[in-house]
Amino acid sequence: MILRLSGLAGLLLLAEALPRLGLVADLPPASRILAALADEAGTAAFWTAVGDTLTAWALGLAIAVGAGVAVGVLIGAVPTLRAWTASTVEFLRPIPSVALIPLAVLLYGTDLGSTLLLVVYAAFWQVLVQVLYGVADVDPVADETARSFRLSPWARLRHVLWPTALPYVFTGIRLAAAVALVLAVTAELVIGAPGLGSVIAVAQSSGALPTMYALIVVTGLLGVAINVGARYAERRFLSWHQSVRAEPAR
Amino acid sequence: MRRALRLLALPVLLVAVWYAASLGSENFYAPPLRTILAAFADTWTPQRLRADVLPSLGRLAAGYALASVLGVALGVAIGANRRLRAAAEPVLEFFRAVPPPVLVPVIMLFAGIGDGMKVIVIVSGCVWPVLLNTVEGVRAVDGVLSDTSRAYGITGAARVRHLLLPAASPQIVAGLRQALSLAIILMVISEMFAASNGLGFTIVQFQRSFAIPEMWSGIILLGLLGFALSELFRLAERHLLAWYHGLRDASRS
């Protein structure tokens, strides 16, 4: 714990000392960045921006997870469907989501819609691929047993397929949550949709350097919070699962 | 034969549906696919490819290579040293969580708007997946192997070369794969901010001048590029990790 804190303290000291010694010109000392952060936290505009970013993030993530799970279970549970769609999934997946930025601007202007388009596209594939892996991981013996007990397709989905796929789904959500934040901020930064990204762009073009760095620190903190939150949720909802139960023993 | 059919059927069908459905499209923003394809041939001439796509690919390659080397080197150092890891971990977690595109304005301050800036943007974003995966991979090296190599007096560079790197390589490759898609995204974004050539710049230029079919053709080109690079990566991975996949298959059967 002491070592962990000393790492952070070292970083802060470095960020304070380097600019004061005149070694880097465009970086304000850490104390000034923190002061700017405190200033920002007192304004309503800042919290509106945070709210806008989080709204786009949460909404986009929810849509992507819903669609990813539904499509993934459907494709994964029907082998023929899976075989026929594999090449298309593999083709669409690597298309960089930022390629859609010009299209999003034309369709939605600088609204929430254009941010959502990018976030959903990027996050959807993360979830879908994980769900496909998860469904493929179903134990054949369990599946055959359920069949021979004449469980209905719905019951098999509910009691065999879903518990197996759930850990994969959570990994997918965790990955998608991080990607969704990146794309939400990117869309705001590049397109100018309301949110933290566009505030950063304004701060940069008006030369308010401490504010710009303060806002960047905020995006980082948001990212950390999302990671921690996703891990916590995973541990909570999967507390019955072996991979989580085994963890403290290591 | 059946496999080829399965591979191609849906993509061909989708393109055909798009082609047919858009044939009479009056929508300014969604022109007929026929127009887009014609624009594709007109726009991406060899000359254009040389002027815009090659510089983009050059920056991508430079940034990706630099990030890989940096990520693996730092990752091995941090992963192999427990104290260093404890001190570095919170800092790394934070830097990884910063969305890479917000660093573009910062890097523009330090490095101007030249090629250097674009390469640094790519490095700054895609070094993290490589670095963190390498740390995890090195940390998870089999304890018996590690003790054995120590007992035989294998230390320093030989230890890294013969024990740590091979043992961590499946994880490192997973990190490299993540980094590749990030690198493409960052390449495009850095060119959207400040550039006079490159794919991202050209596509935004088309969008601003309302050259819609050309813009669509650029999006399609980016898609093809992303696909080609990820296929290339898969080939390289299969070659590089042949021993690992073989081992896994053997232990499974």
- Counting only residues that are more than 16 Å from B:Leu232 (Cβ to Cβ), aliphatic (A, V, I, L, M) and free of Cβ contacts under 8 Å to residues at least 60 places away in the same chain, which one in the stretch B:49-61 is surrounded by the most Cβ atoms within 10 Å (Cβ to Cβ)? B:Leu49
- Selected residue (only one of A:Leu37, A:Leu106, A:Leu92 is out of contact with any helix residue (DSSP H, G or I) (no Cβ under 6 Å at 6 or more places or on another chain) and either open to solvent by 50 Å² or more (accessible area, probe 1.4 Å) or within 27 Å of A:Ala230 (Cβ to Cβ) (or both)): A:Leu92
- Just a yes or no: is a residue in the stretch A:56-79 surrounded by fewer than 19 Cβ atoms within 10 Å (Cβ to Cβ) and farther than 30 Å from A:Trp154 by Cβ? no
- Query: In the stretch B:97-131, which residue that is under 12 Å from B:Ser190 (Cα atoms), in a helix (DSSP H, G or I) and not hydrophobic (A, V, I, L, M, F, W, C) is most open to solvent (accessible area, probe 1.4 Å)?
  - Reply: B:Asp115
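If I ask for residues that are surrounded by 14 or more Cβ atoms within 10 Å (Cβ to Cβ) and out of contact with any helix residue (DSSP H, G or I) (no Cβ under 7 Å at 6 or more places or on another chain), which ones from the stretch A:203-220 would you list? I'd like the intermediate steps shown before the answer.
As a first pass, look at the stretch A:203-220 and keep what is surrounded by 14 or more Cβ atoms within 10 Å (Cβ to Cβ): A:203-204, A:208-220.
Selection gives A:Ala208, A:Leu209.
When residues of the stretch A:14-32 are filtered for being at pLDDT 80 or above and away from chain B (no Cβ under 12 Å), how many remain?
Just the residues of the stretch A:14-32 that are at pLDDT 80 or above, to begin with: A:28-32.
Then drop every residue that is not away from chain B (no Cβ under 12 Å), which leaves A:29-32.
Qualifying residue count for the region: 4.
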- Task: Only residues that are of a type outside the set (Gly, Ala, Ser) and open to solvent by less than 30 Å² (accessible area, probe 1.4 Å): list them for the stretch B:134-158, please.
- Result: B:Thr134, B:Val135, B:Val138, B:Val141
- Query: Just a yes or no: is a residue in the stretch B:160-175 closer than 22 Å to B:Val76 by Cβ, among the polar types (S, T, N, Q) and over 20 Å from the mean Cα position of the chain (by Cα)?
  - Reply: no
- Message: Quick test for you: out of B:Ile172, B:Ile185, pick the one residue that is part of a helix (DSSP H, G or I) and away from chain A (no Cβ under 12 Å).
- Response: B:Ile172
- In the stretch B:9-20, anything within 13 Å of chain A (Cβ to nearest Cβ) and surrounded by 14 or more Cβ atoms within 10 Å (Cβ to Cβ) is listed as B:Ala9, B:Leu10, B:Pro11, B:Trp18
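Going through the stretch B:234-244 one residue at a time, which ones are open to solvent by 50 Å² or more (accessible area, probe 1.4 Å) and either over 16 Å from the mean Cα position of the chain (by Cα) or among the acidic types (Asp, Glu) (or both)? Can you show your working first?
Going through the stretch B:234-244, the residues open to solvent by 50 Å² or more (accessible area, probe 1.4 Å) turn out to be B:234-236, B:238-240, B:242-244.
Answer for the stretch B:234-244, where residues must be open to solvent by 50 Å² or more (accessible area, probe 1.4 Å) and either over 16 Å from the mean Cα position of the chain (by Cα) or among the acidic types (Asp, Glu) (or both): B:Arg238, B:His239, B:Leu240, B:Ala242, B:Trp243, B:Tyr244.
If the requirement is being modelled with pLDDT under 85, under 30 Å from A:Trp84 (Cα atoms) and basic (Lys, Arg), which of these qualifies: B:Arg48, B:Arg82, B:Arg3? Reasoning before the result, please.
Working: B:Arg48 fails: under 30 Å from A:Trp84 (Cα atoms); B:Arg82 fails: under 30 Å from A:Trp84 (Cα atoms).
Just one listed residue meets the conditions, B:Arg3.
Tally the residues that are away from chain B (no Cβ under 11 Å) and crowded, with 24+ Cβ neighbours inside 10 Å, restricting the search to the stretch A:178-194.
Pass one, the stretch A:178-194, residues away from chain B (no Cβ under 11 Å): A:192-194.
Those still in the list that are crowded, with 24+ Cβ neighbours inside 10 Å too: A:193.
Residues that pass the stated criteria total 1.
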- Item | Subset of the stretch B:21-40 (residues that are away from chain A (no Cβ under 14 Å) and open to solvent by 70 Å² or more (accessible area, probe 1.4 Å)) | B:Ala21, B:Leu23, B:Glu26, B:Arg34, B:Leu37
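Return the total of residues in the stretch B:125-158 being of a type in the set (S, T, N, Q) and touching a residue at least 40 places away in the same chain (Cβ under 8 Å).
First pass over the stretch B:125-158, keeping only residues of a type in the set (S, T, N, Q): B:133-134, B:146, B:148-149, B:155.
Those left that are additionally touching a residue at least 40 places away in the same chain (Cβ under 8 Å): B:133-134.
Of the residues in that region, 2 qualify.
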- Can you name the residue in the stretch A:225-237 that is within 20 Å of B:Val98 (Cα to Cα) and crowded, with 16+ Cβ neighbours inside 10 Å and is also farthest from the other protein chains (Cβ to nearest Cβ) among such residues? A:Ala230
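Report, by residue number, each residue of the stretch A:144-170 that is among the hydroxyl-bearing types (Ser, Thr, Tyr), modelled with pLDDT of 85 or more and part of a helix (DSSP H, G or I).
A:Thr145, A:Ser148, A:Tyr168
When residues of the stretch B:188-233 are filtered for being outside any helix (DSSP H, G or I) and either buried (at least 21 other Cβ atoms within 10 Å of the Cβ) or among the aromatic types (Phe, Trp, Tyr) (or both), how many remain?
First pass over the stretch B:188-233, keeping only residues outside any helix (DSSP H, G or I): B:194-198, B:209-211.
Among the residues that remain, those that are also either buried (at least 21 other Cβ atoms within 10 Å of the Cβ) or among the aromatic types (Phe, Trp, Tyr) (or both) are: B:195, B:198, B:210.
Residues meeting the conditions: 3.
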- Look at the stretch A:118-140 and say how many of its residues are open to solvent by 30 Å² or more (accessible area, probe 1.4 Å), in a helix (DSSP H, G or I) and within 18 Å of A:Ala83 (Cβ to Cβ). 3
- Query: A:Leu221 passes all but one of (1) in contact (Cβ under 8 Å) with a residue 60 or more places away in the chain; (2) within 14 Å of chain B (Cβ to nearest Cβ); which number fails?
  - Reply: (1)
- Item | Among residues of the stretch B:81-93, those that are without any contact (Cβ under 8 Å) to a residue 24 or more places away in the chain, open to solvent by less than 40 Å² (accessible area, probe 1.4 Å) and among the hydrophobic types (A, V, I, L, M, F, W, C), counted | 4
- How many of the residues in the stretch A:80-96 are under 21 Å from the mean Cα position of the chain (by Cα) and facing another protein chain (nearest Cβ under 7 Å)? 3
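The values are calculated or read from the model by the stated rules, or taken from the named source; none is laboratory data. Only a predicted model underlies this, so the values are computations on that prediction, with no experimental measurement involved. Cβ sites come from the backbone with ideal geometry, for glycine too, and all protein chains shown count toward neighbours. Each accessible area value is taken on the protein alone, full model and side chains, heavy atoms only, with ligands, DNA and RNA left out. Shrake-Rupley method; radii C 1.70, N 1.55, O 1.52, S 1.80 Å.
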